[in-house]
1. Of the numbered conditions (1) touching a helix residue (DSSP H, G or I) at 6+ places or on another chain (Cβ under 7 Å); (2) aliphatic (A, V, I, L, M); (3) modelled with pLDDT under 95, Val126 satisfies every one except a single condition; which is it?
2. Mind checking whether some residue in segment 152-159 is surrounded by fewer than 17 Cβ atoms within 10 Å (Cβ to Cβ), of a type in the set (A, V, I, L, M) and either in contact with a Ser or Thr (Cβ under 8 Å, 6 or more places away or on another chain) or farther than 17 Å from Gln102 by Cα (or both)?
3. Which condition from (1) over 19 Å from Leu73 (Cα atoms); (2) free of Cβ contacts under 8 Å to residues at least 24 places away in the same chain; (3) not acidic (Asp, Glu) is the one that Leu156 breaks?
4. Within the bounds of segment 120-142, is there any residue that is in a strand (DSSP E or B) and open to solvent by 40 Å² or more (accessible area, probe 1.4 Å)?
5. Could you say which residue among Phe59, Phe86, Phe63 is in a loop (DSSP other than H, G, I, E, B) and touching a strand residue (DSSP E or B) at 6+ places or on another chain (Cβ under 6 Å)?
6. For the condition open to solvent by 70 Å² or more (accessible area, probe 1.4 Å), under 15 Å from the mean Cα position of the chain (by Cα) and modelled with pLDDT under 95, what is the one hit in Asp65, Asp24, Asp79?
7. Which residues, counting only those in segment 1-21, are crowded, with 17+ Cβ neighbours inside 10 Å and either in contact with a His (Cβ under 9 Å, 6 or more places away or on another chain) or assigned to a loop (DSSP other than H, G, I, E, B) (or both)?
8. What is the one condition in (1) open to solvent by 70 Å² or more (accessible area, probe 1.4 Å); (2) under 15 Å from the mean Cα position of the chain (by Cα) that Glu46 does not satisfy?
Amino acid sequence: MYMKELSVSDVTELQKNCVDTFYDAFATYNTAENMSLYLDRQYNLEKLISELKNKNTYFYFIFDDDHGAVGYLKLNTADSQSENTFKDALEIERIDIRHAFQNQGLGEILYNIAKTKATLLGKKQVWLGVWEYNQTAITFYQHYGFEFAGSRTVHLGDAPQIDLLMVKHL
């Protein structure tokens, strides 16, 4: 396994990875129409290019030697964070791993990259939002010392869903 910080030249591979991992994780729980709306809004090339150019957003791939990119990490700081609730913080917006590669320690590797980035940037806390029904992710983050800090409503297409906000003080 190896890591790579992404640039605009990686946008096509990033888009494929984003769509594939999100679809695998959430298609079972949502309508095809809502999935299509969400994927088109969140992972269109124009939006991803803008995010890749943003100095306060960081993307990383994790690669398997035989299978290419098998997951990715998206981090936000400053005004790029999806909430302004957490001051002097780094947001883990996404840790997404292809289904076939889950439960192999890759989430831990990506989380450690996030924690290292937060420390290098002098951040006092790391935070994230996790879908209220994703018990596997909630347990993972609790294992690393994250605590509940509120909730927010997000929309997947026209379906409101609840993300639990979790924070870890560094």
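The values are calculated or read from the model by the stated rules, or taken from the named source; none is laboratory data. Predicted model only: the values in this text are computed from it and were never measured. So basically every Cβ, Gly included, is an ideal-geometry build from the backbone, and we count neighbours across all protein chains shown. Areas reflect the complete protein model, heavy atoms only, side chains present, ligands, DNA and RNA absent. Shrake-Rupley method; radii C 1.70, N 1.55, O 1.52, S 1.80 Å.
1. If we test Val126 against (1) touching a helix residue (DSSP H, G or I) at 6+ places or on another chain (Cβ under 7 Å); (2) aliphatic (A, V, I, L, M); (3) modelled with pLDDT under 95, just (3) comes out false.
2. Looking through segment 152-159, at least one residue is surrounded by fewer than 17 Cβ atoms within 10 Å (Cβ to Cβ), of a type in the set (A, V, I, L, M) and either in contact with a Ser or Thr (Cβ under 8 Å, 6 or more places away or on another chain) or farther than 17 Å from Gln102 by Cα (or both).
3. Just one mismatch for Leu156, condition (2).
4. Step one: filter segment 120-142 for residues in a strand (DSSP E or B), giving 125-131.
With the extra rule that they be open to solvent by 40 Å² or more (accessible area, probe 1.4 Å), the set shrinks to none.
Scanning segment 120-142 turns up no residue that is in a strand (DSSP E or B) and open to solvent by 40 Å² or more (accessible area, probe 1.4 Å).
5. Details: Phe59 fails: in a loop (DSSP other than H, G, I, E, B); Phe63 fails: in a loop (DSSP other than H, G, I, E, B).
Exactly one of Phe59, Phe86, Phe63 is in a loop (DSSP other than H, G, I, E, B) and touching a strand residue (DSSP E or B) at 6+ places or on another chain (Cβ under 6 Å), namely Phe86.
6. Values: Asp65 fails: under 15 Å from the mean Cα position of the chain (by Cα); Asp79 fails: under 15 Å from the mean Cα position of the chain (by Cα).
Asp24 is the lone residue from the list that is open to solvent by 70 Å² or more (accessible area, probe 1.4 Å), under 15 Å from the mean Cα position of the chain (by Cα) and modelled with pLDDT under 95.
7. Answer for segment 1-21, where residues must be crowded, with 17+ Cβ neighbours inside 10 Å and either in contact with a His (Cβ under 9 Å, 6 or more places away or on another chain) or assigned to a loop (DSSP other than H, G, I, E, B) (or both): Leu6, Thr21.
8. All conditions are met except number (2).
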